[in-house]
Amino acid sequence: MRAVRRAVMALGLAGLVGAVLRLRGTGGTPPQQQGGWRELSGDDLR
Amino acid sequence: MRVGIDGLGVVGLRVARELIATPGVEAVLARSSRKGRVELAQASLGEALRPWGDDEVPDLVVLCGAAGTHVTAAGYWLPHGVPVVSVSDDPADVTALLDLAPIARHHDTTLLAGVAFSPGLSCILARHAANALDEVVELQVAMVGAGGPGCVKHRQRLLSEHGTELRDGEWIEAPGGSAKMLTWFPEPIGARDVVKGNLTEPLLWRRLFPTATRLTARGAVDRSDRVWGRIPRPGPRSNEADPGAFVVEVQGTVGGVVESLVYAVLDRPATATAALVATLAPMLVEGTLQAGAHGVAEVVEPLPVLKELARRGVKAATFDAA
């Protein structure tokens with residue numbers, strides 16, 4: 001019975017850690033975007 | 001011309017609205033598997049839209065129904081010599097539709113597959129970018145958003161399935177939900193995580209750019225989707241009013257120098273799809289496109305289409321590095 005409880009506890013903890021990792025990821029602070037978007041017009045569409 | 005629309009979900013309704021406002025369209029014939037949907041559309045769009053009788057053969061058929069229904073419908077209309085447009089973004093649909101090429105050629109008509117926001121407009125912008133390069137080496141696309149509630153669910157399913165992509169000239173498996181990457185979309189969407197899945201662009205791009213060695217597609221998923229995956233949940237998690245966007249990046253060489261071009265479109269996917277279909281409709285009915293089954297970017301010149309789309313309010317943008 002104790003082994004079953006430990007197994008359930010281990011699975012629960014593993015699931016919790018997995019869920020946190022899946023949500024949070026491990027990438028840290030994302031890099032900032034350099035530059036910007038410009039609408040296509042005039043010469044772009046010739 | 002009389003255009004038949006098979007399927008009146010969010011995309012079908014938008015296509016109907018755009019076609020009615022297109023010069024040369026006399027009537028839009030519509031059918032839907034949902035009871036009362038045609039009457040509802042008629043009340044909103046007026047007498048230019050009417051129920052599609054069983055014996056009526058339109059000049060063009062636009063397939064806007066659920067994924068999985070397009071191949072049978074296209075197989076019915078092509079032998080009548082009627083051009084067909086499919087807005088399905090499902091790789092299985094697109095592959096099966098392209099396999100109908102011999103039937104379309106035999107009856108001297110045209111079938112366009114994957115005519116949507118992404119794929120579809122994304123392929124036209126990819127070809128526009130490729131026209132500025134001497135050689136195309138790599139293409140990638142990332143998309144966020146979907147046409148309507150049905151499209152949201154379908155897109156969610158595609159992103160949880162394994163797809164294929166081209167790497168180093170070889171097709172490899174692209175596991176659903178894998179290779180998360182941060183991508184900047186035009187504002188107000190901004191930075192979003194995108195993942196691989198069962199997406200169509202690599203299949204269509206291979207036909208357009210046979211020498212490219214890397215073809216990749218990704219789509220955005222919500223955090224709740226990443227946690228719950230394919231477990232069914234009540235209600236749509238998005239609606240038609242939500243803007244969508246895609247970013248397509250094409251890398252290659254110009255004069256031996258490596259060059260990268262990035263284009264994007266920010267719009268409601270259903271609206272942009274409708275504008276694209278309405279732009280193509282006159283070309284298909286007049287028979288100016290090559291007979292057979294194609295992806296849209298294989299048979300149209302990008303610039304006239306982009307100009308017409310801009311006139312209709314669907315505008316592309318390019319990324320200028322600081």
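The values are calculated or read from the model by the stated rules, or taken from the named source; none is laboratory data. All figures in this text were calculated on a predicted structure; none of them were measured in a lab. Don't worry about glycine lacking a Cβ; one is built from the backbone with ideal geometry, like all the others, and counts go over all protein chains shown.
Count of the range B:159-189 residues, restricted to those that are away from chain A (no Cβ under 14 Å), of a type outside the set (Lys, Arg) and either assigned to a strand (DSSP E or B) or surrounded by 22 or more Cβ atoms within 10 Å (Cβ to Cβ) (or both), is 10. Scanning the range B:45-66 for residues that are over 28 Å from residue B:289 (Cβ atoms) and in contact with a helix residue (DSSP H, G or I) (Cβ under 8 Å, 6 or more places away or on another chain) gives B:46, B:51. Taken together, the residues in the range B:304-313 that are over 11 Å from residue B:125 (Cβ atoms) and not small (Gly, Ala, Ser) amount to 5.
Just for the range B:268-282: of the residues that are among the aliphatic types (A, V, I, L, M) and at pLDDT 95 or above, which one is nearest to residue B:9 (Cα to Cα)? Give the steps one after another, and end with the answer.
Taking the range B:268-282 as the starting set, the residues that turn out to be among the aliphatic types (A, V, I, L, M) are B:270, B:272, B:274-278, B:280-281.
Going one step further and asking which of them are at pLDDT 95 or above, we end up with B:272, B:274-278, B:280-281.
Working: B:272: 15, B:274: 12, B:275: 16, B:276: 17, B:277: 15, B:278: 17, B:280: 20, B:281: 19 Å.
Among those residues, the one meeting the criterion is B:274.
Return yes or no: is residue B:212 touching a Phe, Trp or Tyr at 6+ places or on another chain (Cβ under 8 Å) and in a loop (DSSP other than H, G, I, E, B)? So residue B:212 fits the description; yes. Looking at (1) out of contact with any Pro (no Cβ under 9 Å at 6 or more places or on another chain); (2) surrounded by fewer than 17 Cβ atoms within 10 Å (Cβ to Cβ), which is the only condition residue B:302 fails? Of everything listed in (1) out of contact with any Pro (no Cβ under 9 Å at 6 or more places or on another chain); (2) surrounded by fewer than 17 Cβ atoms within 10 Å (Cβ to Cβ), residue B:302 misses just condition (2).
On the stretch given as the range B:197-208, residues that are surrounded by fewer than 23 Cβ atoms within 10 Å (Cβ to Cβ) and part of a loop (DSSP other than H, G, I, E, B) total 1. In the range B:49-100, counting only strands (runs of 3 or more DSSP E) that sit wholly within it, none holds 3 or more residues that are of a type in the set (Phe, Trp, Tyr).
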